[in-house]
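Engineer: Pasting a structure below so you can have a look.
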Amino acid sequence: MNPRPGTPPRERDHEPEPTHLHRRVHHRRCRRRNDATRTGRAVERRARHQRFRIRREAGFARRPNAGLAARYDRAALARTPLLLPPGIYRTGELSLPSNTRIAGIGNATRLELLRGTSMFTSQRADNIDLSGLVIDGQKKMPPEGRALVHLKESTNLRIADCSIVSAGRNAVTLEKCSGAVTGCVIEDAGDGALFAIDSTGLRLAENTIRRSGNNGIQVWRSAPGDDGTMVYDNRVEDTRADAGGDGPYGNAISVF
């Protein structure tokens with residue numbers, strides 16, 4: 001339709017028609033934007049799936065430790081190790097049966113305590129093996145007399161190459177146990193780092209202990225008897241005496 005005489009032409013009347021080259025460039029840019037959008041969505045979906053998988057494996061659904069407990073129970077019955085991939089696993093108390101073997105990937109496999117209890121416990125369970133784990137107590141205070149890792153009457157236990165940090169009270173308590181705690185780093189325990197009582201042949205070696213609230217390594221007996229505990233090549237640093245006094249507290253290594 002021709003404009004009326006005297007009417008100035010509109011700017012679009014003078015815009016050049018898009019050429020085939022312009023159309024190709026425009027289509028190419030649109031494809032790049034769409035590809036980038038699809039890639040971003042795919043990355044987001046994978047990340048969301050990974051987060052859900054880690055949460056599911058750690059038992060987030062109804063009980064904080066349900067999924068993890070079921071997995072190590074099955075592994076213990078089959079006498080096979082449970083290998084935990086890198087991730088953060090938040091859990092409550094886990095009662096370990098005999099033949100439990102849980103292995104992580106060094107500092108990449110982290111277990112965090114959700115509430116004021118022990119994380120690992122056992123009663124007359126043999127052949128317990130924990131290795132390559134970060135066990136984080138989150139400074140949550142368990143009941144009196146409980147430790148972050150608290151094992152009773154366990155034979156042939158092994159805790160190796162673990163980092164045990166931020167326990168509310170003792171980091172590790174072993175009652176009437178035999179086995180070995182080796183190559184571990186125990187830091188920032190609220191009370192003692194490693195407490196062993198009435199042992200039946202323990203080896204505590206090559207551990208690094210830092211910033212314990214009251215004591216480093218304690219080897220005690222409730223009555224005279226053959227203990228058989230060997231303590232060697234451990235490094236104990238910056239032990240405090242938060243409970244006061246100058247006798248039972250503030251000791252790097254005590255045998256009583």
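Engineer: Using the Karplus equation 6.51 cos²θ - 1.76 cosθ + 1.60 (θ = phi - 60°), what ³J(HN,Hα) coupling, rounded to whole Hz, does each residue of the stretch 183-190 give in order, writing x for Gly and Pro?
Structural biologist: x, 9, 10, 10, 10, 6, 6, x
Engineer: Which of the three applies to the stretch 186-256, rounded, prolate or oblate, going by the alpha-carbon gyration tensor with a ≥ b ≥ c and a/c under 1.5 meaning rounded?
Structural biologist: In terms of gyration-tensor shape, oblate.
Engineer: Can I ask one more? Taking H as built 1.01 Å from N, whose amide H comes closer than 5 Å to the amide H of I164, not counting residues under 5 places away?
Structural biologist: Distant-sequence amide H within range of I164: I135, V185, I186, E187.
Engineer: Excluding T173 itself, what net charge comes from residues whose Cβ is under 10 Å from its Cβ, given Lys and Arg +1 and Asp and Glu -1?
Structural biologist: Net charge around T173: +1.
Engineer: Just to be sure I understand the model, the point goes 7 Å from the Cα along the line to the Cβ. What's the resulting D238 to I253 distance in nm?
Structural biologist: Those two pseudo-labels are separated by 2.1 nm.
Engineer: Compute the signed sum of charges (Lys and Arg +1, Asp and Glu -1) over the other residues within less than 13 Å, Cβ to Cβ, of T121.
Structural biologist: For residues surrounding T121, the net value is 0.
Engineer: Moving on to the next point. Using Cα-only point scatterers and the Debye equation, what is log10 of I(q)/I(0) for the stretch 80-255 at each q in 0.10, 0.12, 0.14 Å⁻¹, rounded to two decimals?
Structural biologist: -0.33, -0.48, -0.66
Engineer: Report ³J(HN,Hα) in whole Hz for each residue of the stretch 241-255, in order, from the Karplus equation J = 6.51 cos²θ - 1.76 cosθ + 1.60 where θ = phi - 60°; Gly and Pro get x.
Structural biologist: With the stated coefficients, the stretch 241-255 comes to 9, 4, 7, x, x, 10, x, x, 10, x, 9, 5, 9, 10, 10 Hz.
None of the figures in this text is laboratory data; all of them are computed from the coordinates on show. All of these numbers come straight from a predicted model, not from anything done at the bench. With ideal geometry, Cβ positions are generated from the backbone for all residues, glycine too; neighbour counts draw on all protein chains shown.
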